[in-house]
Amino acid sequence: MEEQWAAIDTYANGLLVDQDEALRNAAGASREAGLPEIAVSPGQGKFLHLLALTNKARRILEIGTFGGYSTIWLARALPPDGLLVTCEREEDFAKKAWARIEAAGVADRVDLRTGKALETLPALEAEGLGPFDLVFVDADKAGIPDYFTWALKLSRPGTVIIVDNVVLEGAVTDATSPNPAVQGVRRFHEMVAAEPRVSATTIQTVGVRGHDGFTYVLVTG
Ligand code: SAM
């Protein structure tokens, strides 16, 4: 089944998703770092790009830069005076991502902050950088509840918050899982359910990244 999912991604997005050299280069970041594929897929990257265009986003916050692949897709949806702040804990990843962001021609609208997101996010608030129009949460999964809290703080009614990897091959339904990622994703769903200022849905996905999913949160009040 997984082979078919990947074949469909390759077929459909081979036709619909154009990637220039900068994106193709950033897409190779996981392989280069000797890691499994941790960036979003080309289809998901284009989806984020279209979402930012649909929302006419001028300010985007990303938590989890890695190689800059999703950063480039998102930044390319911004107007020339737009701003994307992206947070990355690992200095080495951030350094390499910055080179790719520059090569993609979007460095003028990207502010890459190196350090733990939970230290960067209060600094953004103190600097008055919010509210953001779109927030993409894609760092450590155990931290999702905290990132959601910050995303809300840095939002306004109409902000869209996308939280990636919330299905984890179905592990999300295992209440007894000792995996901190599973517990983070579960706690996040409970928080969203109890939060009157948002409306949300979780969409499962299959494709070149296997079985996973994302939550689309609209800030309503
Ligand atoms: N969004 C990227 C993309 O699709 O191209 C992939 C991001 S990767 C899934 C997650 C990244 O979050 C890793 O580079 C990791 O170092 C970073 N990260 C993990 N914990 C973090 C933290 N506490 N603060 C900031 N970044 C963190």
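Within region 75-93, the residues that satisfy the criterion of being within 9 Å of the ligand (Cβ to nearest atom) and within 15 Å of the chain's Cα centre (by Cα) are THR86, CYS87, GLU88, ARG89.
Conditions (1) open to solvent by 50 Å² or more (accessible area, probe 1.4 Å); (2) away from the ligand (no atom under 16 Å from the Cβ), marked per residue:
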| site | (1), (2) |
| --- | --- |
| GLY115 | no, no |
| LEU152 | no, yes |
| ARG156 | yes, yes |
| GLU169 | yes, no |
| ALA181 | no, no |
| GLY184 | no, no |
| SER199 | yes, yes |
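Candidates in region 172-194 are the residues that are part of a helix (DSSP H, G or I) and polar (S, T, N, Q); of these, the one that is farthest from THR149 (Cα to Cα) is THR173. Among the helices (runs of 4 or more DSSP H) confined to region 1-119, the ones with at least 1 residues that are modelled with pLDDT of 95 or more are located at 2-16, 21-27, 42-54, 69-75, 91-103.
Just wondering, is there one or more residues in region 117-134 that are within 28 Å of LEU53 (Cβ to Cβ), within 15 Å of the chain's Cα centre (by Cα) and small (Gly, Ala, Ser)? The answer is yes; a qualifying residue exists.
For (1) within 17 Å of VAL137 (Cβ to Cβ); (2) buried (at least 19 other Cβ atoms within 10 Å of the Cβ); (3) in contact (Cβ under 8 Å) with a residue 24 or more places away in the chain, each residue gets a yes or a no:
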site	(1), (2), (3)
PRO196	no, no, yes
ILE203	yes, no, no
ARG209	yes, yes, yes
GLY213	yes, yes, yes
VAL219	yes, yes, yes
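Please work out which one of (1) open to solvent by 60 Å² or more (accessible area, probe 1.4 Å); (2) in contact with a strand residue (DSSP E or B) (Cβ under 9 Å, 6 or more places away or on another chain) is the condition THR176 fails and give its number. Here THR176 clears every test but (2).
Yes/no per residue for (1) in contact (Cβ under 8 Å) with a residue 60 or more places away in the chain; (2) polar (S, T, N, Q); (3) open to solvent by less than 30 Å² (accessible area, probe 1.4 Å):
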| site | (1), (2), (3) |
| --- | --- |
| LEU53 | no, no, no |
| GLU125 | no, no, no |
| ASP138 | yes, no, yes |
| PRO145 | no, no, yes |
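Per the conditions (1) under 16 Å from ILE162 (Cα atoms); (2) within 12 Å of the ligand (Cβ to nearest atom); (3) not hydrophobic (A, V, I, L, M, F, W, C), the sole criterion not satisfied by ASN55 is (2).
The values are calculated or read from the model by the stated rules, or taken from the named source; none is laboratory data. Computed from a predicted model, the values in this text were never measured in an experiment. Positions of Cβ are generated from backbone atoms using ideal geometry, with glycine treated the same way; all protein chains shown enter the neighbour counts. When the accessible area is computed, the model is the full protein with side chains, heavy atoms only, and any ligands, DNA or RNA have been set aside. Shrake-Rupley method; radii C 1.70, N 1.55, O 1.52, S 1.80 Å.
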